[in-house]
Amino acid sequence: MSKKPVIVFEGIEGSGKTFHLKSVIKYLNKKKISFIKIREPGGNKNSEKIRKLILDNKSSFNKNSDLLLYLAARSENIEKLKKFYKKKIILIDRFIDSTVAYQHYGQKIDLSLINYINKYLLGDFKVDFTFLNIVNEKNLSLRLKKRKKLNKYDRFSNNFYRKVQNGFIKICKRRKKKYLIIDSNLDATFNKNLVINKIKTLIR
């Protein structure tokens, strides 16, 4: 593995992935280690415009349009990502596994189509390690209720989130060595230390 790895933080809404990503950013800044960070959808000017379209509560795109918008946002990001590939640590808040989990396992869009377009967009760009954050339905509901503003993807049914999270876990089981599951139902400090300790081994 490159010592300038591509590290992704995945998980459904309320799973704590952004909390842990922020902890990693704080750690790297403290150690004065150079990195870049993007989120998906989003990450640059054009991708952020697409993000607003996708997450707007008033949007009514069908599931295929949603997929293509996500992939369009990724297309806008990939040139930047490839520029820093293996030159800087790259941290990504959601990436290709989110597309598979949400659009395939959650919305039943053909997996081969998703994989084909992702492969075309990414080329030789590969993820080195993924932190998968999971959450139970009780904590998911509690955390979403605390949010001041909910977007379209914060308003799905528990059944949808269950299918998506199970999809993430299926992906994880196929690539165990490149995944670490973080059970966000456990103590946050314990999980934070778990993530940071793994980061240390990835960039050593």
(request) From LYS177, LYS192, LYS170, LYS145, grab the single residue that is out of contact with any helix residue (DSSP H, G or I) (no Cβ under 7 Å at 6 or more places or on another chain), among the charged types (D, E, K, R), assigned to a helix (DSSP H, G or I) and at pLDDT 95 or above. (result) LYS170
(message) Looking at LYS37, LYS17 in this structure, which one is under 12 Å from the mean Cα position of the chain (by Cα), closer than 18 Å to PHE190 by Cβ and not acidic (Asp, Glu)?
(response) LYS17
(message) For the structure I just gave you, tell me whether ILE33 is under 28 Å from ASN139 (Cβ atoms) and of a type outside the set (Phe, Trp, Tyr).
(response) no
(message) Looking for something surrounded by 14 or more Cβ atoms within 10 Å (Cβ to Cβ), part of a helix (DSSP H, G or I), among the charged types (D, E, K, R) and out of contact with any Leu (no Cβ under 7 Å at 6 or more places or on another chain) - is there at least one such residue anywhere in the range 113-127?
(response) no
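For residues that are closer than 15 Å to ILE89 by Cβ and either of a type in the set (Val, Ile, Thr) or without any contact (Cβ under 8 Å) to a residue 60 or more places away in the chain (or both), tally how many sit in the range 27-46.
Taking the range 27-46 and keeping what is closer than 15 Å to ILE89 by Cβ, we get 27-38.
Narrowing further to those that are either of a type in the set (Val, Ile, Thr) or without any contact (Cβ under 8 Å) to a residue 60 or more places away in the chain (or both): 29-38.
Residues in the range 27-46 being closer than 15 Å to ILE89 by Cβ and either of a type in the set (Val, Ile, Thr) or without any contact (Cβ under 8 Å) to a residue 60 or more places away in the chain (or both): 10 in total.
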(message) Among the listed residues ASP187, ASP110, ASP154, identify the single one that is of a type in the set (Asp, Glu) and touching a residue at least 12 places away in the same chain (Cβ under 8 Å).
(response) ASP154
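Out of LYS108, LYS138, I need the residue that is among the basic types (Lys, Arg) and at negative phi. Which one?
Values: LYS108 fails: at negative phi.
Just a single option satisfies the conditions, and that option is LYS138.
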(request) Enumerate the pairs (first residue in the range 7-26 and in contact (Cβ under 8 Å) with a residue 12 or more places away in the chain; second residue anywhere and outside any strand (DSSP E or B) and among the acidic types (Asp, Glu)) with beta-carbon separation below 6 Å, excluding pairs fewer than 6 apart on the same chain, so at least 6 apart or on different chains. (result) GLU10/ASP97; GLU13/ASP154
(request) Taking only the range 58-68 into account, find how many residues are free of Cβ contacts under 8 Å to residues at least 12 places away in the same chain, among the small types (Gly, Ala, Ser) and either part of a helix (DSSP H, G or I) or surrounded by 13 or more Cβ atoms within 10 Å (Cβ to Cβ) (or both). (result) 1
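Within the range 47-57, identify whether any single residue is of a type in the set (Gly, Ala, Ser), free of Cβ contacts under 8 Å to residues at least 60 places away in the same chain and either part of a loop (DSSP other than H, G, I, E, B) or surrounded by fewer than 13 Cβ atoms within 10 Å (Cβ to Cβ) (or both), and answer yes or no.
Narrowing the range 47-57 to residues of a type in the set (Gly, Ala, Ser): 47.
Still in the running and free of Cβ contacts under 8 Å to residues at least 60 places away in the same chain: 47.
Checking the rest, the ones that are also either part of a loop (DSSP other than H, G, I, E, B) or surrounded by fewer than 13 Cβ atoms within 10 Å (Cβ to Cβ) (or both) come to none.
Within the range 47-57 (the criterion being of a type in the set (Gly, Ala, Ser), free of Cβ contacts under 8 Å to residues at least 60 places away in the same chain and either part of a loop (DSSP other than H, G, I, E, B) or surrounded by fewer than 13 Cβ atoms within 10 Å (Cβ to Cβ) (or both)), the answer is no, since none of the residues qualifies.
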(request) Specify which of the listed residues (ARG175, ARG155) is among the basic types (Lys, Arg) and closer than 23 Å to PRO5 by Cβ. (result) ARG175
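The values are calculated or read from the model by the stated rules, or taken from the named source; none is laboratory data. Everything numeric in this text was worked out from a predicted model, so none of it was measured. Positions of Cβ are backbone-derived with ideal geometry, glycine not excepted, and every protein chain shown enters the neighbour counts.
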